1. Which number in (1) within 31 Å of the chain's Cα centre (by Cα); (2) crowded, with 19+ Cβ neighbours inside 10 Å marks the one condition that A:Gly118 misses?
2. Report, by residue number, each residue of the stretch B:49-80 that is outside any helix (DSSP H, G or I) and facing chain A (nearest Cβ under 9 Å).
3. Within the stretch A:69-85, is even one residue within 25 Å of A:Leu822 (Cα to Cα), without any contact (Cβ under 8 Å) to a residue 40 or more places away in the chain, crowded, with 17+ Cβ neighbours inside 10 Å and of a type in the set (Gly, Ala, Ser)?
4. Restricting attention to the stretch A:709-729, which residues are farther than 23 Å from A:Ile838 by Cα, buried (at least 19 other Cβ atoms within 10 Å of the Cβ) and of a type outside the set (S, T, N, Q)?
5. Pick out, from the stretch B:110-177, the helices (runs of 4 or more DSSP H) lying fully within it that include 3 or more residues that are of a type in the set (Asp, Glu).
6. Regarding A:Ile848, is this residue within 22 Å of B:Ser64 (Cβ to Cβ) and either facing chain B (nearest Cβ under 7 Å) or surrounded by 20 or more Cβ atoms within 10 Å (Cβ to Cβ) (or both)?
7. Does at least one position in the stretch B:3-11 carry a residue that is surrounded by 20 or more Cβ atoms within 10 Å (Cβ to Cβ), of a type in the set (Ser, Thr, Tyr) and facing another protein chain (nearest Cβ under 9 Å)?
8. Just one of A:Val845, A:Val853, A:Val840 is modelled with pLDDT of 85 or more and in contact with a Gly (Cβ under 8 Å, 6 or more places away or on another chain); which is it?
Amino acid sequence: MPAILKVRVISARDLPIMDKSTESTDAFVEVKFNDVCFKTSVCRKTLCPTWNTDFRFEVDAEIQNDILEIKIYDHDSYSANDAIGKVYIDLSPLTMTNGPTLLQGWHPIYDTLRGIRGEINLIVKLHFFNNENKFRDTSIGVKIFALNEFPSCYSLIKVHSFVEELVVSTDPEYQWVDNFRSNRASNDARVRLLYRLTGSLKRKLGLKALDLGGNAIVGYLQDFDIEGEYGLVARGIGTVVTLQEFEPAMASQGPALLLFQDPARAQCKGSLNRSGQGDLSVHRFYSHHLKSVFPFYTLSHWPSSVIQSIGGFVTARSVKLLSKIEEPDEPETRDAWWHEIRSEIDSHAKVLGCSVVIGYTETTTICDELCILSATGTAANLAFTSAKDEPYKSPTFYGKDKIASLSKTVSNKKVEYKLCNLLGVANNSAETVCPAGFSHVPFTKKDSPFTNKPQKCRSCQKFYVPDILICTLELQPGSQLGSLLIESLCVEASVCRAKKKLQGESNAIVVSEVLPFIEYELHRQLLNKLKLHAMNAIFGLSVQISISESVISALAVGTAVFIKSLPLLPPIKISRSLQVLDEEDQKLVSIQKKIIEKSGEQRRARMESVAWNSDSDDADSKTDSSDENISENIALELAKRRSLALEIDDEEDEDNLAILMEPPPLFGPSVQFSTLQAVPPGTEHLSFINAQMITSLHQATLDESFRINQSFSGLFKEIKQSLRFKLRHFSPCCVLDLKFDVTMSEEEKNIAQILTSAMVVPSKSKQFSEKSDDLLFGSEEAKSQASRDSLKEKTVFVEMTTLNYVVGRRVVRYLSHIELFLIKENALRETDSVSEFIHVFVTEVYAIARAQVRLLCGNAILALKLRIIDCNAGEGYVLVMLSGDVCVIS
Amino acid sequence: MGTEIDVFISNYTLVDPEIYQLWVEGHTASEAVSILNQRGLGQLTGAPLELIASDVLDHYRTYSLLEKLLSNPNKLQEQLAFQIEPQTRKLLIEKYYDFDDSVVRELIGKKLSSKHRKDLDEVSEKTGVPLKSCRRQFDNVKRIYKMVEDMPGPVVQNIQNLFYLPEYIAKKYACIVFLACIRFETKRKLNHITFSCWKRCTEAIMDNWTNKLAGVDNFDTEHDKDFFSELREIKILLEKEKEHKHLVCVLLRAKLLQKCYLDLDANFKNYNRAILLPTTNMHRPRDVKNMFVELTSLSDSLKQANWTVPELEVFLNAYTQCGCEIDIIRDSAALKILWEKYMKVITECLLAMY
């Protein structure tokens, strides 16, 4: 797609002093796109130079692949020019129909060694001619959203299918030239490569989307695998949809839009309407799956009316040994690996009687040549798919793979997630609607292949429900299900195991053998926590495995809720066969007592609340009988499965027991954690004014002893405790969308690095706001006054959020999906604090992200994701990716 | 170098007024932790010391990054690295530019050079304010002085506009700037005069004796030269001492205590001369500098005679009033204005110093 790119370099300000003798700088700018390079004149002896120079590039297909580089130098007559810093401008927002037509504004100049050094004022324009050639290789116009729900502002015409793409390259950090080029040059090469890979990844995905007849990709997830000397893999997955903008006037704005919409309109069979409160109601969905495409959806927000039933959490993992990618253009091995995993997930879903997997994600963890690929999702049946179309396939396992590297996939859902099975969707929909509809399992008692029999739904008494429900999905606020929920609680399960340091295949074997046990342990912990708090479902679950040379860790975080239609779990039972020997044992015994007490307490409370609620539904008799049912079942289950009791037979069991108990909460602050985006049930009076995103990075050395598990899980308790304390001025508040990103590494000792991100939403409570400091977190009036003040000022704040929405505000227009890659390399001296290095860097990353939003004339980033791609904090090297959807909010 | 990392960052910069205050006061992070703990933060929240330390360090890192921006509050508005809500920004700037009167009193009359900056440890020792805080105050004073020194327009407003400071702080700085511009003698005999006293005196002078009254474009950091040269005409009052004394005594006989009245009666000549002395030499810049030295000797002798402040005020008012009634002044409107202008400042200064 030929295009003309115009760049105007206006001026710069606050440049660093590059020449000490004159205390000034002789700056000039180099503008580079696709190996074509222009320079401005040198602006002598000033820290605020003005150039006002225009450049023009004639570009073709590379528009999507390449990135505009603007480099600022200090001119030196005698020696080489000194680099001041760079600015990377991604042009993809300009290619969007109805997107911004130009980028204009101040942008921080960033240097990988020195950080932000001044700002430059630019205007970038792009004029391109539409190429509607069938064989085109650009996918301009395909919108990409990181949101994992259907974007508002658009009407959904059609949901197509899952798309994936994978691009491979060698990593400049491991190329031979890196031995003799400067750190700055090698960092620049790496960043440029990441931008280019992202560009081509998006372009290819866009082409696939166009092939499928869609015009947008939602739930876009992009990740990089740093495989060291084996290369660098960029992966992207998403869900192709056809969207239509609300305003009919838009049609006149560009022919490209019409082109993409035409085929969709022809097949348009339904639409998704957004009614007043932002509640989605779906009339009818149709979807078609291409032969080779998996029925996966990366979205985790679904209108509850679309979900007919949930099969449960499905996961597949595969341990691989990396090898040199021979042909970067044809990354067949990597593609094949992911294909295996996806097929397995698919077959898991089929076993559970589900036709699709929603809330699907893929992750990897790499340690040297060992790589664990993981895919997780929630098996479900959706209203717009027909299970009959899909012939039942017997599950296939890839235990013995013939590929050069070793492969072992771990299927866990059958053993652990005792949930639902088989068909029955069709007749389900014909019956009267039960508000707990989607928690029903589509099978009857005798059909169930599991030892754990499903029970009658407590809401409708007709269909069967599982005893617990675990899924990766979001809870829709205001959905029917909402009325069935009581309380929510963030639960986490963590396992950390030492492993032998091994090489090659033997290492892979050890890891693949230990994985099922780790998964089992996670599940057991989650189950125990559910019991402890008398909950019966987990939403928004995410599981992350991380591996270093001598440690393998796993973390599962989710939000436990109690769904009234599901039965109450039996109370926790602990049997101890170990003798009480020392003080520590006694401590554990007392913990054990506390756990049992607490479990009983919670359970009684739950019983009461359920009974009370049933009373109000005038169904007394029903409650009684179901309560009896429960106690019957408890007896039955306990007899059947002693494994559900917590047995303390050895030290390791003790270790696990200790993990169950949360530390005593801080007195003052009341902070409620949730992994979900929606405000947890039971929370009222939220004040949205002070809502904001928080990011924190912890790195700690793990205890070497056999209590490594405790030490690891202690980290998360510490982080939560620390957040509780640091958010004391917001208290009481909810912490939404809590995410942990764990990286294990090893430098003499085992080190765990945890990146935490979350949204804080203070809930207003008169009692507290009066107490808190008036200057900062004063009364409601002061706050609204402040927000009004901020409106008056010319500086408009950039709202950054990990959520799909900005709390208390409305999205007016989506502008573009953006990615940022930034490296900071700073040889740290003994006295330097690593925390300070990270603190400064994260501040700079956010500053640049805000500048990008301003360039696009937006005022918010949604679904923001900050990911550390490569990090060696000890040596002062960090590479991060920041991505999100830039939009305008009102 | 430790591998432990503990960083917490939020989209809108969080400023804890208490921790910020400790930082501004120049306490180290560990000092701040123990102070906070002593104040009962740990007890109140149940947080262990490490948690408080982690929080304090987060805040301290943020503040030290903000410090660069605080030196030019204008940048605080433009930058993207920290999103600071207006009221938080106000708090940041206000507290950063606030100062200890005792420290600033030490800085008055000294050259704001980098050499002097090195000697701040003496100031720190004398005032008991941490060195770091002294440096900050020194730098702030120097920065503001350099910025507004040669700037046209009213000083207070200039400071307010450039540094986004509230009026009450801007006024304090205006006073320092004025003292530095005029270079009054402030040391030696005058060491005992506190900053708040200086502030009162300089404000009186700035309001009455500077070019401020002449128009907006003029400096209020410069004396009104015309006024000083005209002032010589008031010297005549020295010759009218007897008449003046008579008028004052008649007026005050009933108002003053016997003791003061007698002192006044006995020493009127001396007091009169002391009050009028500046009129004779103010046209010479050297003598302007010594004005306060002269005034202080007057106030010292008054003190020895055990005058109280209200009594002094009564006397000075009567003195001014009676001056107007003396024929020379009564007959000339220009002289009357001159006299009132003169006495307004002298009265204010004497009362402040007393």
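1. Failing condition for A:Gly118: (1).
2. Taking the stretch B:49-80 first, the residues outside any helix (DSSP H, G or I) are B:71-72, B:79-80.
Listed by number, the residues that qualify are B:Gln79, B:Leu80.
3. Within the stretch A:69-85, one or more residues are within 25 Å of A:Leu822 (Cα to Cα), without any contact (Cβ under 8 Å) to a residue 40 or more places away in the chain, crowded, with 17+ Cβ neighbours inside 10 Å and of a type in the set (Gly, Ala, Ser).
4. A:Arg728
5. On the way: elements: B:114-118, B:120-127, B:131-148, B:155-163.
Per the criteria, B:120-127.
6. Values: within 22 Å of B:Ser64 (Cβ to Cβ): yes; either facing chain B (nearest Cβ under 7 Å) or surrounded by 20 or more Cβ atoms within 10 Å (Cβ to Cβ) (or both): yes.
The answer is yes for A:Ile848.
7. Taking the stretch B:3-11 first, the residues surrounded by 20 or more Cβ atoms within 10 Å (Cβ to Cβ) are B:5-11.
With the extra rule that they be of a type in the set (Ser, Thr, Tyr), the set shrinks to B:10.
When the remaining residues are screened for being facing another protein chain (nearest Cβ under 9 Å), the result is B:10.
Within the stretch B:3-11 (the criterion being surrounded by 20 or more Cβ atoms within 10 Å (Cβ to Cβ), of a type in the set (Ser, Thr, Tyr) and facing another protein chain (nearest Cβ under 9 Å)), the answer is yes, since at least one residue qualifies.
8. Details: A:Val845 fails: in contact with a Gly (Cβ under 8 Å, 6 or more places away or on another chain); A:Val853 fails: in contact with a Gly (Cβ under 8 Å, 6 or more places away or on another chain).
Criteria check complete, one pass: A:Val840.
The values are calculated or read from the model by the stated rules, or taken from the named source; none is laboratory data. Here the structure is a predicted model, which is why all the values come from computation and not from measurement. Methodologically, a virtual Cβ is constructed for each residue, glycine included, from the backbone with ideal geometry; neighbour enumeration extends over all protein chains shown.
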